[in-house]
Amino acid sequence: MRKQKAIVIGATGAAGQNIVEFLTNHPWFELAGLAASSKSASFAYSKAIEGAIFFERARIGATCTRVQVQTVHTEAVYVDTKKPCSLDEAKNAMREYVSEPQKLKLPSAPKKPIIVFDGPKMPQPKLHRQYGGDVTLVGRLRRDPVFKNGLAYIVTSDNLDKGAGGGAVQTAEYLKAKRYF
């Protein structure tokens, strides 16, 4: 397979550096160039999402707290499901979840995108990387009495490997697998 050339724009930022790392020795893409702007450091988030379309599929409440970690974020998530489900049903649904990147066998996609823990001590942001940066860890699943069919749980996800850097590479892999280029 002929490798597709890739240029990283914003290579001086943390996400850009992460993308460069992902593309080094990538089976589908060849790193062909780097570009960056000194102005990118002051680019406001509100400007970046201007015109974005957001879809509401479920009532969700979430809190993201920033603690001193390098890249992994922790969220407390509160969900109201459409119909009642047991904690085991919710855990199994997350464990069995397979997204399109797994179905397409994209090189950067983990075999299982979500790892669910049963114990009370996981997930933890400082322990996240030992499970792989491109997975989402879920744990401390419990009932939430605020919603009719409420569930609450803790999630950790890597801001670079699952987010900006890895997300950009996986998007390119997806577009190539779907033959958009």
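Among residues of the range 5-28 being in a strand (DSSP E or B) and aliphatic (A, V, I, L, M), the one that is modelled with the lowest pLDDT is ILE9. Within the range 90-114, the set of residues being in contact with a Leu (Cβ under 9 Å, 6 or more places away or on another chain) and farther than 21 Å from LYS178 by Cα comprises ALA90, LYS91, MET94, ILE114. Could you tell me which residue of the range 67-83 is modelled with the highest pLDDT, considering only residues that are assigned to a loop (DSSP other than H, G, I, E, B) and under 15 Å from LEU160 (Cα atoms)? Ranking the qualifying residues of the range 67-83, first place goes to THR71. Considering the range 65-92, the residues that are surrounded by 18 or more Cβ atoms within 10 Å (Cβ to Cβ) and β-branched (Val, Ile, Thr) include one that is farthest from PHE147 (Cα to Cα), namely THR71. Annotation note: Cβ proximity below 7 Å between a residue of the range 72-83 that is farther than 18 Å from GLN124 by Cα and a residue that is among the charged types (D, E, K, R) and not in a loop (DSSP other than H, G, I, E, B) (sequence gap 6+ or interchain) occurs for ASP80/ARG59. Of all residues in the range 93-117, count the ones that are of a type in the set (A, V, I, L, M), farther than 23 Å from LYS148 by Cα and not in a loop (DSSP other than H, G, I, E, B). Looking only at that region, the number is 3. The residue that is nearest to the chain's Cα centre (by Cα), counting only those in the range 145-159 that are at pLDDT 85 or above and buried (at least 16 other Cβ atoms within 10 Å of the Cβ), is SER157. Checked against (1) in contact (Cβ under 8 Å) with a residue 24 or more places away in the chain; (2) under 30 Å from PHE29 (Cα atoms); (3) in a loop (DSSP other than H, G, I, E, B); (4) not basic (Lys, Arg), LEU160 passes all but condition (3).
Against the list (1) closer than 28 Å to ASP80 by Cα; (2) in contact with a helix residue (DSSP H, G or I) (Cβ under 7 Å, 6 or more places away or on another chain); (3) not basic (Lys, Arg), the condition ALA109 fails is (1). Do we find a residue being at pLDDT 75 or above, in a loop (DSSP other than H, G, I, E, B) and more than 20 Å from GLY167 (Cα to Cα) anywhere in the range 85-92? Looking for residues that are at pLDDT 75 or above, in a loop (DSSP other than H, G, I, E, B) and more than 20 Å from GLY167 (Cα to Cα), one finds at least one in the range 85-92, hence yes.
The values are calculated or read from the model by the stated rules, or taken from the named source; none is laboratory data. Being a predicted model, the structure only gives us computed values, none of them experimental. A quick note on method: Cβ atoms are made from the backbone with ideal geometry, for glycine too, and the neighbour counts reach across all protein chains shown.
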